[in-house]
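What follows is one structure encoded as structure tokens, with my remarks underneath.
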Amino acid sequence: DYFGRLNADVAILQEVGGIPDWARERYQCTESRPITKNGNPQRFASVTLVRGLVEETFRLFSPRDWLHDEFHRFSGNLTGVRATVLSRSLHIVNVYSPAWPVARERWIEKDVADVKTRTNPDLWVTDLLYHALANRQLDGEWIVAGDFNSCLTFDKWKHRPAGFDSNQETQDRMRSLGLAEALSEQRGMVPTFRRPGKLLPHCQLDYVWMSR
């Protein structure tokens, strides 16, 4: 089994259909269900596996009432775990940002200037993530990883939809929090998505942001 051979200490997984017994025996497991566009639980799960001790789970939040409601709605998309791994205390956030934005009618009359990107007309779960992280102290070691559904390649598409030039801004905002993207900064772009009609994957939608 490929995953078993990796012998990972931490695994941050999305769109998981099931967890084998051997993995449950080897790791402490935290599961959550992201939501569909109509608010129902997805058929798959987001799963964080830790070879160590899960001290607690936590939710991201905002002091604003309307944003508090959004974080509650998307609690299965943004799952936090504080764990001890190899004597190191880690804050881990498992991210599943869907390919559809937050419903406009829920935020169009709100002040979102410090929440959403300047270059995208919509509000996305990645924007909620940034807002929550920007409004708390990122003390200690953090890993914020998963499927962001954001890719710098989108910015270069000739006939891209409106707002598809905001992906650089999304990444710049994560770096402004003192986080580094462990995949692309070490190896260049790591393709994880194949555009329909293309033979090979050429877009990186998945990221591992870590404390510098």
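Considering all alpha-carbon pairs of segment 27-82, what whole percent are spaced by more than 12 angstrom? Intermediate results must be reported in sequence, preceding the final value.
Details: 1034 of 1540 pairs.
For segment 27-82, the share of Cα pairs beyond 12 Å comes to 67 percent.
If you line up the Cα atoms of the chain on their principal axes, what length do they span on each, largest first, in Å?
The principal-axis extents, from largest down, are 47, 45, 36 Å.
Below 14 angstrom from the Cβ of TYR27, what's the summed charge of the other residues (Lys, Arg +1; Asp, Glu -1)? Kindly include the intermediate steps, with their values, before the conclusion.
Values: positive: ARG24, ARG26, ARG51; negative: ASP1, ASP9, ASP21, GLU25, GLU31.
My count for the surroundings of TYR27 gives -2.
Report the net charge of residues surrounding GLN14, where surrounding means a beta-carbon distance below 10 angstrom and charges are Lys +1, Arg +1, Asp -1, Glu -1.
Residues close to GLN14 contribute a combined charge of -3.
Which length gain, in nm to one decimal place, applies between GLN28 and ARG73 when the Cα-Cα distance is subtracted from 0.36 nm times their residue separation?
Working: separation 45, 0.36 × 45 = 16.20 nm, distance 2.52 nm.
Gain in length upon complete extension: 13.7 nm.
Per DSSP helix of 4 or more residues, -39500 (n - 2.57); summed, then divided by the residues of the chain. What does that give at 222 nm, rounded to the nearest 500? Walk me through the numbers on the way to the answer.
Details: 6 runs with 44 residues, N = 212.
It lands at -5500 deg cm²/dmol.
Return the whole-Å distance between the Cα centroid of segment 93-107 and the Cα centroid of segment 1-65.
19 Å
At R0 = 25 Å, how high is the FRET efficiency between ALA113 and GLN186 if r is their beta carbon distance? Nearest 0.05 is fine. Could the numbers behind the result be given before it?
Numbers: r = 34 Å, r/R0 = 1.35.
According to the calculation, E is roughly 0.15.
Along the principal axes of its C-alpha atoms, what lengths does segment 68-156 span, in descending order and rounded to whole Å?
Cα extents, longest axis first: 45, 32, 21 Å.
What is the sum of charges, Lys and Arg at +1 and Asp and Glu at -1, for the other residues whose Cβ falls under 12 Å from the Cβ of ARG104? Display every interim value, and only then the final one.
Values: positive: ARG106, LYS110, LYS116; negative: GLU105, GLU109, ASP122.
Value of the local net charge: 0.
Treat each spin label as a single point 7 Å out from the Cα along the C-beta direction, and report the ILE35 to ARG175 distance in nm.
3.3 nm
In whole Å, what are the extents of segment 102-145 along the principal axes defined by its C-alpha atoms, from largest to smallest?
37, 19, 19
Given the convex hull over the Cα atoms of segment 1-104, what projected area results after averaging over all orientations, in nm²? Don't skip to the answer; put the middle values down first.
Details: hull surface 30.4 nm².
That works out to 7.6 nm².
So for the pair ALA99, ARG59, with labels modelled 7 Å out along Cα→Cβ, what separation do we get in nm?
Reported label-point gap for ALA99 and ARG59 is 2.9 nm.
Of LEU183, LEU86, LEU60, which has the largest mean-square fluctuation in a 10 Å C-alpha GNM of the chain?
Result for the chain, Cα springs under 10 Å: LEU86 fluctuates most.
By residue number, which cysteines of the chain lack any other Cys whose Cβ falls under 4.7 Å from their Cβ?
Among the cysteines of the chain, those whose Cβ sits 4.7 Å or more from every other are CYS29.
Suppose each label sits 7 Å from its Cα in the direction of the beta carbon; what would the ASP1-ARG136 distance come out to in nanometres?
3.1 nm
Bear in mind that the values in this text are calculations on the coordinates, not laboratory data. Note that this is a predicted model, so its numbers are computed, not measured. Cβ: placed from backbone, ideal geometry, glycine included. Neighbour counts: every protein chain shown.
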